[in-house]
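Asks: Just passing along the structure, written as structure tokens.
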Amino acid sequence: MSRTDDTKLIERCRAGDREAFEALLAAYERPVFNAAYRMLNSRDDAQDVTQTVFLKVFENFDKYDPSRRFFSWIYRITLNESINWLGKTNRLRPLETEAADEGKGPDEQFDSDQARQSVQAALMTISSDYRAVVVLKHFLGCSYTEISQVLEISEKKVKSRLYSARQQLKGALAKTR
Amino acid sequence: MAIEQKYQDLINADIDGEISAADRTELEAFLADSAEGRALRDDLSSLCRALDSADEETPPVQMRHVIMNSIPGSRATESSPGFFQVLFAAPALRYALSFAAGVFLALSIVNSGQVSEHAFDDVTGLVGTVAEPVDTTLASSVSVDELDVAGIVSLRSAGTLLILDFDLVAKDHIEIEADYADPSIWFNGFAQLQGEGTTVSAESGRVRLGVAGKRRYAVYLHNQGGREATVRLRFLANGQVVHETSLEYRPGQ
């Protein structure tokens with residue numbers, strides 16, 4: 001969604017327009033849910049965090065700074081809520097069992113599931129700060145500049161965290177093979 | 001020999017598509033002479049491909065309804081999530097605690113005249129067992145995605161207990177009828193995890209629920225003998241059936 005679209009919707013949300021809020025929700029529920037899922041490794045927890053994020057957004061429109069992009073605000077809330085959630089529950093869950101993908105043979109399905117589970121399991125071994133950078137880069141498709149806006153850190157630090165995170169992920173994945 | 005930090009940064013920037021033309025020329029010159037550099041680039045490229053190719057998760061079908069119903073000013077306003085989320089964080093515990101709550105709710109809400117004494121004897125008998133988490137097995141699950149009601153209903157088993165787990169959002173008041181023709185199955189309790197105000201009544205072979213807004217609740221059935229069972233569900237809005245489905249339990253599945 002373009003910056004102009006977001007700004008218009010937020011103005012309407014501030015005026016109490018529920019349809020505008022639903023449009024924002026429709027645009028951002030998927031990336032927010034995916035970011036939370038990658039941070040938490042649980043669909044149930046990701047759903048709870050997503051609900052909390054949108055509730056916070058709704059309650060804090062007045063605090064939103066229009067000079068910032070909306071995505072950087074909502075992604076920041078998502079990552080903070082996910083990290084808070086991890087702190088509260090202080091646990092790592094085994095991967096959830098999921099329904100088999102349609103259209104894949106048993107071997108292909110097994111390989112695909114294994115690869116997906118290995119990646120997610122490796123993600124859960126790195127610190128939440130590093131995981132946040134990886135989630136923003138690889139699952140939300142943010143650029144270095146956008147990541148620095150979301151996390152409010154310098155681009156230099158983004159690069160350094162991303163590089164360290166990848167090194168750690170490489171090590172974690174190597175152990176699973 | 002360790003790769004200079006500068007080239008490590010350039011390799012990462014190249015993989016991320018954030019390298020300038022001048023830097024790329026410099027990186028290519030470096031890689032032409034460095035097997036270690038090429039190995040690092042290949043390793044990182046492979047890792048990034050694995051990350052980028054991970055499937056996107058589809059949010060639960062009912063989530064948007066749930067969020068719209070939970071924001072202030074909604075018809076069915078929910079309290080801020082937090083307490084229940086933490087309390088019920090472990091799935092097994094969710095059932096244990098909700099079942100404990102269900103025993104009390106069942107005794108207070110259900111019209112006892114419609115429920116057999118036998119069923120209530122069993123509910124009372126189970127009070128002592130709910131302090132321990134109930135380990136459930138998912139038997140079947142269905143999604144409901146109608147204008148009037150959306151969400152997921154699952155059928156779980158735990159020994160001779162069958163648990164109908166409703167996670168739904170209803171736009172307005174709806175009725176749900178759960179029919180189980182087998183006379184060896186009887187209503188055994190009711191629990192409400194999120195929200196309040198769900199009404200429930202039970203009679204032989206049928207449980208009837210009335211709900212509005214976002215609701216998470218469970219209906220407990222005693223399945224004498226643990227035989228296979230089918231529960232037929234009908235969702236009614238303004239007396240009209242808006243959705244019909246069924247859930248199956250097969251022992252040893």
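Asks: All but one of (1) assigned to a strand (DSSP E or B); (2) closer than 13 Å to B:Y249 by Cα hold for B:K171, so report the exception by its number.
Replies: (2)
Asks: Of all the residues that make up segment A:117-146, how many are among the aliphatic types (A, V, I, L, M) and more than 10 Å from chain B (Cβ to nearest Cβ)?
Replies: The number of residues fulfilling the criteria is 7.
Asks: Could you tell me whether segment B:13-31 includes any residue that is assigned to a helix (DSSP H, G or I), within 11 Å of chain A (Cβ to nearest Cβ) and within 17 Å of A:Y144 (Cα to Cα)? Talk me through it step by step, then tell me what you get.
Replies: Narrowing segment B:13-31 to residues assigned to a helix (DSSP H, G or I): B:13-15, B:21-31.
Okay, now just the ones that are also within 11 Å of chain A (Cβ to nearest Cβ), so B:13, B:15.
Now restrict to residues that are within 17 Å of A:Y144 (Cα to Cα): B:13, B:15.
Yes, segment B:13-31 contains at least one residue that is assigned to a helix (DSSP H, G or I), within 11 Å of chain A (Cβ to nearest Cβ) and within 17 Å of A:Y144 (Cα to Cα).
Asks: Let me ask another. What tally of residues in segment B:59-92 results from selecting those that are touching a helix residue (DSSP H, G or I) at 6+ places or on another chain (Cβ under 8 Å) and either at pLDDT 75 or above or not in a loop (DSSP other than H, G, I, E, B) (or both)?
Replies: Total satisfying the criteria: 13.
Asks: Another question, if that's okay. Can you confirm whether B:L47 is modelled with pLDDT of 90 or more and within 23 Å of A:E81 (Cβ to Cβ)?
Replies: Against the criterion (modelled with pLDDT of 90 or more and within 23 Å of A:E81 (Cβ to Cβ)), B:L47 does not qualify.
Asks: Taking the criterion of being buried (at least 17 other Cβ atoms within 10 Å of the Cβ) and within 15 Å of A:K170 (Cβ to Cβ), would at least one residue in segment B:18-40 satisfy it?
Replies: yes
Asks: Among what's in segment A:26-78 and is within 10 Å of another protein chain (Cβ to nearest Cβ) and over 28 Å from A:V119 (Cβ atoms), pick the residue that is surrounded by the most Cβ atoms within 10 Å (Cβ to Cβ).
Replies: In this case the residue turns out to be A:V57.
The values are calculated or read from the model by the stated rules, or taken from the named source; none is laboratory data. This is a predicted model, so every value here is computed, not measured. All Cβ positions, glycine included, derive from the backbone under ideal geometry; neighbour counts span all protein chains shown.
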